1. Among the lysines, select those whose C-alpha is under 23 Å from the C-alpha of A:Lys134, and discard any that sit fewer than 8 residues away in the same chain.
2. Where the centre of each part is set by its Cα atoms, how far does the stretch B:69-97 sit from the stretch B:113-132, in angstrom?
3. Give me a single rounded figure for A:208-219: the average over its residues of other chain Cβ atoms within 10 Å of their Cβ.
4. With labels modelled as points extended 7 Å from the Cα through the Cβ direction, what inter-label distance (nm, one decimal) is found for B:Glu65 paired with B:Ser40?
5. Using a 10 Å cut-off on Cβ to Cβ distances, tally the other chain neighbours for every residue of A:199-207 and report the average as a whole number.
6. Express in % the proportion of alpha carbon pairs of the stretch B:70-163 at distances exceeding 15 Å.
7. Starting from 0 in steps of 5 Å, tell me what percent of the Cα-Cα pairs of the stretch B:39-125 lands in each bin.
8. Can you pull out the chymotrypsin sites (Phe, Trp or Tyr not before Pro) in the stretch A:65-171 whose DSSP state is coil and whose Cβ has at most 15 other Cβ atoms within 10 Å?
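Since every read-out is calculated from the coordinates, none of them should be taken as a lab result. Just so you know, these numbers come straight off a predicted model, no measurement behind them. Because the Cβ atoms are built from the backbone with ideal geometry, glycine has one as well, and the counts that use them run over all protein chains shown.
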Amino acid sequence: MDHPLAAATGATPTRPAVGGRNLHRFANPGRFLRATGKVLPVLWAAALLVLGIGLAWALVFSPPDWQQGETVRIMYVHVPMAWLAMGGYTGLAILSVMSLIWRHPLADLTARELSPVGAAATALCLATGSLWGKPMWGTWWVWDARLTSVLVLFFLWLGHAALVRAFDDPERGARVGAILALVGFVNVPIVKFSVDWWNTLHQPASVARLAAPGMHVDMLYPLLICTIGFSLLFAAVVLARTRAAVMERRVRALQLARARREDAPA
Amino acid sequence: MTRKKRRLMILLLAGLGLATATALTLAAFQDNLVFFLSPSDVATRHPPGDRAFRLGGLVETGSVERHTGSDGRPSATFRVTDGPNAVTVTYAGVLPDLFREGQGVVTLGKLQPDGSFRATEVLARHDETYMPPEVADALRRSGHWNPSQGAAPPAATWNTAPREGRSGG
């Protein structure tokens with residue numbers, strides 16, 4: 001287990017198929033670090049720029065709602081966090097499929113580093129929703145299908161983060177975590193369609209619907225810019241965490257190799 | 001069959017089984033997942049008067065009567081409708097800010113012997129329209145929408161409307 005990345009790539013003795021080879025190109029930790037080292041600063045800069053424009057537009061220059069007044073500005077954080085919670089979890093499910101079928105070591109590492117960030121986004125979604133619900137609905141929390149399913153999503157994120165770290169053998173942790181992530185994926189369509197399948201206190205979708213968005217463009221555009229900005233920030237944080245994890249494993253492998261050399265003098 | 005293909009098949013089969021199980025479970029609990037009953041549900045199911053439940057619908061236009069008790073506590077009587085049916089609701093307490101005629105509400109309480117509903121909690125239900133005040137005013141002035149009559153007109157008719165007479169920021 002001193003070099004899990006190399007060990008896992010070497011575990012496919014048959015020549016990988018074309019798709020498989022492309023998939024495993026970035027399993028080489030050196031190549032991954034070199035490639036993402038160039039991407040990451042661009043990602044940070046883009047995230048801060050887009051988020052700066054989006055938040056200024058949303059919090060200062062966009063109009064209030066005719067009924068909700070200025071409180072509607074909570075939406076510009078709440079909605080991107082909700083989308084990131086669901087989109088991020090879909091990403092976790094895809095990484096888990098890659099982990100279980102192709103035993104891709106980088107998918108394991110990324111999934112491990114993704115779940116705390118996803119849990120944070122979901123927590124922010126719940127917190128801002130609660131702060132919005134009190135003045136508008138008259139309550140911090142109700143047990144309707146939408147709110148409850150998002151709370152379940154939050155616990156799935158936390159459960160995954162805890163489970164992958166609960167094993168001495170990181171590869172076993174990754175397998176078990178991937179299974180939990182895939183089982184939990186049934187909750188994502190439930191979150192999305194809960195407002196259509198059951199009557200809930202939470203209103204149905206405004207932006208993602210077949211008819212025209214039920215939102216004026218002066219609110220829709222800043223919302224979309226904020227969503228892009230928060231998504232870039234989310235990606236940058238996950239990538240930075242994954243790079244740190246790859247480097248951490250490298251350091252540990254080097255330390256182990258040195259300890260072994262010193263133990264067995266030539 | 002390679003090991004990867006076998007793992008893919010196992011994963012697909014497990015996913016199919018899990019999705020089926022979830023769909024069956026949700027279908028079985030359909031009634032319990034309902035957050036509130038509509039006035040039509042109340043008319044067909046006749047919920048017993050000793051059990052609290054939630055009643056949801058739109059506040060009927062022209063039905064709201066606000067009172068102030070001798071102790072200064074506010075109370076209100078209004079009708080909650082879903083179109084074909086309506087239930088009279090009495091509530092003692094402060095109504096939420098969003099409460100108005102034509103607004104969606106969810107009330108928690110018990111059915112009284114006279115068929116009215118005595119609420120202990122009233123929550124406002126926001127719909128999925130987000131509209132600047134200038135656009136809402138323009139729709140009202142032109143007679144396209146009366147908020148106390150119900151939902152806003154189709155979004156495509158107003159969601160790109162210019163915000164006339166806006167007073168900055």
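1. List returned: A:Lys192.
2. 9
3. If you average over the peptide's residues, the count of other-chain Cβ atoms is 6.
4. 2.8
5. 6
6. Of all Cα-Cα distances in the stretch B:70-163, 67 percent exceed 15 Å.
7. Bins of 5 Å from zero give 3, 15, 28, 27, 16, 8, 2, 0 percent of pairs.
8. Here the sparse-neighbourhood loop sites are A:Trp140, A:Trp141, A:Trp143, A:Phe167.
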